[in-house]
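J.: Input: one structure, supplied below.
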Amino acid sequence: IGASIGQIFFEEAKREKLATGGAENSFNQTFKKLLIIGLPVFVTLFFLIESLFVMFFGEDWRIAGVYAQIVLPLFFIRFVVGPLTLIAPLFEKQQTDLFFQGGLLFLYLGTLFLCHL
């Protein structure tokens, strides 16, 4: 879903950039759409995922549900932010995108470290 929305966003942003020189409206509208789609799903999953793991895989898998609950916010962030990162190549800001992707990597590694603890 996120990738499909990202492709649509890229096309809208490209058209907006050609017309106005910017893509703020496309960016804001896509951000809101992704939040509206993702927030209810990820919040619901956050509170149910541990029980779902136990229900489908058994009590031995409860700890996997706890780990899934820990990393779920990262999946939500990636769902919302991933399609929006297509804006960087459109405006030829690859260096900014590199720093952003480095920040995401740091966030992922931090979460893995937290899970390890």
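J.: Would you mind finding the one in Leu45, Leu72 that is at pLDDT 95 or above, open to solvent by less than 70 Å² (accessible area, probe 1.4 Å), closer than 20 Å to Thr111 by Cβ and assigned to a helix (DSSP H, G or I)?
T.: Residue meeting the stated conditions: Leu45.
J.: Residue check: is Pro83 open to solvent by less than 70 Å² (accessible area, probe 1.4 Å) and closer than 29 Å to Ile8 by Cβ?
T.: Working: open to solvent by less than 70 Å² (accessible area, probe 1.4 Å): yes; closer than 29 Å to Ile8 by Cβ: yes.
Yes, satisfied.
J.: Only one of these is out of contact with any Cys (no Cβ under 7 Å at 6 or more places or on another chain), among the polar types (S, T, N, Q) and open to solvent by 100 Å² or more (accessible area, probe 1.4 Å): Gln95, Gln101. Name it. Quick ask: steps written out before the conclusion?
T.: Details: Gln101 fails: open to solvent by 100 Å² or more (accessible area, probe 1.4 Å).
Gln95 is the lone residue from the list that is out of contact with any Cys (no Cβ under 7 Å at 6 or more places or on another chain), among the polar types (S, T, N, Q) and open to solvent by 100 Å² or more (accessible area, probe 1.4 Å).
J.: What single numbered condition from (1) under 28 Å from Glu16 (Cα atoms); (2) in contact with a Phe, Trp or Tyr (Cβ under 9 Å, 6 or more places away or on another chain) fails to hold for Gly65?
T.: Of (1) under 28 Å from Glu16 (Cα atoms); (2) in contact with a Phe, Trp or Tyr (Cβ under 9 Å, 6 or more places away or on another chain), only one is false for Gly65: (1).
J.: Let me ask something additional. Residue check: is Val66 of a type in the set (Val, Ile, Thr), under 28 Å from His116 (Cβ atoms), in a helix (DSSP H, G or I) and out of contact with any Asp or Glu (no Cβ under 8 Å at 6 or more places or on another chain)? If you could, list the steps in order and put the result at the bottom.
T.: On the way: of a type in the set (Val, Ile, Thr): yes; under 28 Å from His116 (Cβ atoms): yes; in a helix (DSSP H, G or I): yes; out of contact with any Asp or Glu (no Cβ under 8 Å at 6 or more places or on another chain): no.
It is false that Val66 is of a type in the set (Val, Ile, Thr), under 28 Å from His116 (Cβ atoms), in a helix (DSSP H, G or I) and out of contact with any Asp or Glu (no Cβ under 8 Å at 6 or more places or on another chain).
J.: Ok, one more. For Leu117, all conditions in the list (1) over 18 Å from the mean Cα position of the chain (by Cα); (2) at pLDDT below 85; (3) open to solvent by less than 80 Å² (accessible area, probe 1.4 Å); (4) aliphatic (A, V, I, L, M) hold save one; what is the number of the exception?
T.: The single condition Leu117 does not satisfy is (3).
J.: Which residue, of Glu92, Glu59, is under 24 Å from Lys17 (Cβ atoms) and either at pLDDT 95 or above or of a type in the set (D, E, K, R) (or both)? Explain how you work it out, then say what you get.
T.: Values: Glu59 fails: under 24 Å from Lys17 (Cβ atoms).
Of the residues listed, the single one that is under 24 Å from Lys17 (Cβ atoms) and either at pLDDT 95 or above or of a type in the set (D, E, K, R) (or both) is Glu92.
The values are calculated or read from the model by the stated rules, or taken from the named source; none is laboratory data. Only a predicted model underlies this, so the values are computations on that prediction, with no experimental measurement involved. Quick reminder, even Gly has a Cβ in these numbers, built from the backbone with ideal geometry, and neighbours come from all protein chains shown. Each accessible area value is taken on the protein alone, full model and side chains, heavy atoms only, with ligands, DNA and RNA left out. Shrake-Rupley method; radii C 1.70, N 1.55, O 1.52, S 1.80 Å.
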